[in-house]
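**Student:** Please see the structure below; I have some questions.
The values are calculated or read from the model by the stated rules, or taken from the named source; none is laboratory data. Quick caveat, the model's predicted, so the values are computed rather than measured. When we count neighbours, we look across all protein chains shown, and the Cβ atoms used for this are built from the backbone with ideal geometry, even at glycine. Keep in mind that these areas ignore ligands, DNA and RNA; they rest on the heavy atoms of the full protein, side chains included. Shrake-Rupley method; radii C 1.70, N 1.55, O 1.52, S 1.80 Å.
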Amino acid sequence: MFSFIIGLAFGSFLNVLIYRLPKRYSIITASCCPSCGYKIRWYENIPIFSYFYLKGFCSFCKQKISKRYLVVELLTAFVTLGLYLKFEVSIQLFFLMGLFYTLIVLSFIDLEYKKVPDYLLLIAFICSFFATDYEFFESLKYACLFAGFFILLEFILTFYIQNIKSRLLKDKNLRTQKALGEGDIPIIAIIGIVLGLKGGIIAIFLAGIFAIIPSIYNNFTKKDKQTAFIPFLMLGLFFEFFINISAKVFS
């Protein structure tokens with residue numbers, strides 16, 4: 001219960017980072033409503049409880065509060081609980097928390113802006129080396145293997161999109177579109193570091209499966225032709241990581 005509550009508290013802080021880092025706002029100033037600037041009181045800033053207490057609306061301007069706040073808090077809480085049940089209080093636990101928290105922030109920033117800060121990618125990359133059971137050079141080998149393969153794959157797919165698909169569909173916008181974003185490759189390398197060869201392949205396959213549904217939806221609605229891939233890479237990593245933990249615990 002304590003680890004779950006700690007996760008909720010960190011989830012509340014991650015929401016601050018998700019909102020403020022892309023806008024380059026200070027992360028130490030008091031929380032306020034993004035719509036009207038109303039300074040939020042302490043009892044209006046309690047994770048989960050305040051969202052339902054306020055019924056999902058700002059108490060001052062009555063603008064709707066994004067469900068993202070609730071999702072991030074719950075996701076962070078369950079991730080923290082899952083990590084604690086397996087690793088208890090240890091150095092690896094803290095590095096895994098740092099890694100997974102950073103991935104959560106990256107995912108939600110990518111969902112909204114389709115681009116992510118490079119320094120967050122670097123933080124996640126460094127944490128991944130300390131969060132894995134593999135030795136440093138073995139982790140580096142998997143990172144290079146996964147990143148190198150997907151750089152070549154990205155080159156081939158981008159060539160197809162810009163030079164073949166754009167002509168077949170007569171869509172000039174496709175001539176500048178890339179298959180993968182710049183932030184996807186470091187996340188793929190991190191997956192290789194944390195999960196190794198077999199687990200990494202499964203995680204990336206799952207990420208592709210998870211990304212199919214919104215991609216099909218976007219094609220039918222013609223809303224957004226670019227799908228943020230980092231959130232689905234994160235889901236693939238989380239799913240495979242915690243499935244492996246569960247299998248080891250129950251075996």
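**Student:** Report which label in (1) 21; (2) 35; (3) 15 holds the value of percent of Cα pairs over 35 Å apart derived from the coordinates of this structure.
**Tutor:** Answer label, from the structure shown: (1).
**Student:** Efficiency by 1/(1 + (r/R0)^6): what FRET value for Ile151 and Cys61, r their Cβ-Cβ distance, R0 = 45 Å, to the nearest 0.05?
**Tutor:** Once the sixth-power term is evaluated, E becomes 0.45.
**Student:** So for the pair Ile243, Arg41, with labels modelled 7 Å out along Cα→Cβ, what separation do we get in nm?
**Tutor:** Distance between the two pseudo-spin positions: 4.7 nm.
**Student:** Over its Cα atoms, what ratio of radius of gyration to 2.2 N^0.38 Å does the stretch 1-113 give?
**Tutor:** 1.10
**Student:** So, one more: Shape call for the stretch 86-213 from the C-alpha gyration tensor, a ≥ b ≥ c root eigenvalues: rounded (a/c under 1.5), prolate (a/b greater than b/c) or oblate?
**Tutor:** In terms of gyration-tensor shape, prolate.
**Student:** Pairs of alpha-carbon atoms within less than 8 angstrom and 6+ residues apart define the contacts here; what relative contact order does the stretch 1-56 have, in percent?
**Tutor:** Relative contact order comes out at 25 percent.
**Student:** Continuing with the same structure: Averaged per residue, what accessible area in Å² does the chain show with a 1.4 Å probe, protein chains only?
**Tutor:** 60 Å²
**Student:** If the label point is 7 Å along Cα→Cβ of Ser90, which residues in the stretch 1-26 have backbone nitrogen under 18 Å from it?
**Tutor:** Under 18 Å, as judged by backbone N against the label point of Ser90, lie 3 of the stretch 1-26.
**Student:** Please identify which residues in the stretch 65-104 have an amide N closer than 15 Å to a label point set 7 Å out from the Cα of Ile48, following the Cα→Cβ vector.
**Tutor:** So the set is 69-82.
**Student:** Please compare each pair in Lys67/Lys115; Lys23/Lys170; Lys86/Lys198; Lys165/Lys198 to a cut-off of 24 Å on the Cα-Cα distance and tell me which ones are over it.
**Tutor:** From Lys67/Lys115; Lys23/Lys170; Lys86/Lys198; Lys165/Lys198, over 24 Å: Lys23/Lys170; Lys165/Lys198.
**Student:** Provide the FRET efficiency to the nearest 0.05 for the Asp171-Val71 pair, computing r from the beta carbons and using R0 = 25 Å.
**Tutor:** 0.15
**Student:** Quote the relative contact order of the stretch 1-109 in percent (integer), defining contacts as alpha-carbon pairs under 8 Å separated by 6+ residues.
**Tutor:** About 39 percent, as a whole number.
**Student:** Checking the a/c ratio against 1.5 first, then a/b against b/c, what shape does the Cα gyration tensor give for the stretch 76-161?
**Tutor:** oblate
**Student:** Compute the relative contact order of the chain as a whole-number percentage, counting only Cα pairs closer than 8 Å that sit 6 or more residues apart in sequence.
**Tutor:** Reported as a whole number, the value is 17 percent.
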